[in-house]
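I have placed the structure first, in the form of C-alpha coordinates, so that the comments after it can refer back to it.
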Amino acid sequence: MQAYTVEQVAEILNIGRDKVYYLIRTDQLRSIKIGKLRRITDRHIAEFVSSLEEAAR
(Lines give C-alpha, C1' and ligand atoms only; values in the text may rest on other atoms or scores of the structure.)
Protein backbone atom coordinates (compact mmCIF):
# COMPACT_ATOMS: atom_id res chain seq x y z
CA MET A 1 0.00 0.00 0.00
CA GLN A 2 1.29 3.42 -0.96
CA ALA A 3 0.54 6.59 1.04
CA TYR A 4 0.72 9.96 -0.70
CA THR A 5 0.97 13.55 0.50
CA VAL A 6 -1.76 16.04 -0.32
CA GLU A 7 0.53 17.62 -2.91
CA GLN A 8 1.16 14.26 -4.59
CA VAL A 9 -2.57 13.49 -4.72
CA ALA A 10 -3.24 16.93 -6.22
CA GLU A 11 -0.74 16.11 -8.96
CA ILE A 12 -2.16 12.61 -9.52
CA LEU A 13 -5.73 13.92 -9.83
CA ASN A 14 -4.61 17.05 -11.68
CA ILE A 15 -6.35 19.37 -9.22
CA GLY A 16 -5.14 22.00 -6.78
CA ARG A 17 -3.89 21.36 -3.26
CA ASP A 18 -6.76 23.38 -1.78
CA LYS A 19 -9.27 21.22 -3.66
CA VAL A 20 -7.73 18.07 -2.11
CA TYR A 21 -8.11 19.58 1.37
CA TYR A 22 -11.72 20.52 0.50
CA LEU A 23 -12.48 16.95 -0.60
CA ILE A 24 -10.99 15.63 2.66
CA ARG A 25 -12.90 18.17 4.76
CA THR A 26 -16.20 17.30 3.07
CA ASP A 27 -15.57 13.53 3.48
CA GLN A 28 -15.48 12.92 -0.27
CA LEU A 29 -11.87 11.75 -0.06
CA ARG A 30 -10.71 9.67 2.88
CA SER A 31 -7.32 10.17 4.47
CA ILE A 32 -5.28 9.16 7.48
CA LYS A 33 -3.38 11.34 9.88
CA ILE A 34 0.09 10.35 11.03
CA GLY A 35 1.13 12.81 13.70
CA LYS A 36 0.50 16.19 12.11
CA LEU A 37 0.82 14.84 8.57
CA ARG A 38 -2.14 14.00 6.35
CA ARG A 39 -1.73 11.01 4.02
CA ILE A 40 -4.00 9.54 1.36
CA THR A 41 -3.51 5.91 0.38
CA ASP A 42 -3.87 4.47 -3.09
CA ARG A 43 -6.99 2.69 -1.80
CA HIS A 44 -8.52 6.03 -0.74
CA ILE A 45 -7.84 7.44 -4.21
CA ALA A 46 -9.40 4.39 -5.87
CA GLU A 47 -12.53 4.68 -3.68
CA PHE A 48 -12.82 8.38 -4.54
CA VAL A 49 -12.53 7.78 -8.29
CA SER A 50 -15.01 4.91 -8.04
CA SER A 51 -17.51 7.19 -6.28
CA LEU A 52 -17.16 9.70 -9.12
CA GLU A 53 -17.85 6.98 -11.66
CA GLU A 54 -20.95 5.88 -9.74
CA ALA A 55 -22.23 9.46 -9.56
CA ALA A 56 -21.77 9.83 -13.33
CA ARG A 57 -24.13 6.94 -14.07
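The values are calculated or read from the model by the stated rules, or taken from the named source; none is laboratory data. Since we're looking at a predicted model, the values are computed, not measured. Glycine also receives a Cβ, built like all others from the backbone with ideal geometry; neighbour counts cover every protein chain displayed. The accessibility values were calculated without ligands, DNA or RNA, using every heavy atom of the protein model including side chains. Shrake-Rupley method; radii C 1.70, N 1.55, O 1.52, S 1.80 Å.
Structure notes:
- Taking a Cβ cut-off of under 14 Å around residue 41, the surrounding Lys, Arg, Asp and Glu residues balance to a net charge of +3, with basic ones at +1 and acidic ones at -1.
- For residue 28 and residue 5, the FRET efficiency from 1/(1 + (r/R0)^6), where r spans their Cβ atoms and R0 equals 22 Å, is about 0.75.
- Integer Hz, Karplus 6.51/-1.76/1.60 couplings in order for region 39-44, x for Gly and Pro: 10, 10, 7, 4, 5, 4
- Accessible surface of the chain, 1.4 Å probe, proportion on carbon and sulfur as whole %: 48 percent
- Note on the chain: semi-axes of the ellipsoid equivalent to its C-alpha gyration tensor, largest first and rounded to whole Å, are 18, 12, 11.
- Ranking by accessible area, most exposed first, for 24, 12, 32 with a 1.4 Å probe: 12, 32, 24
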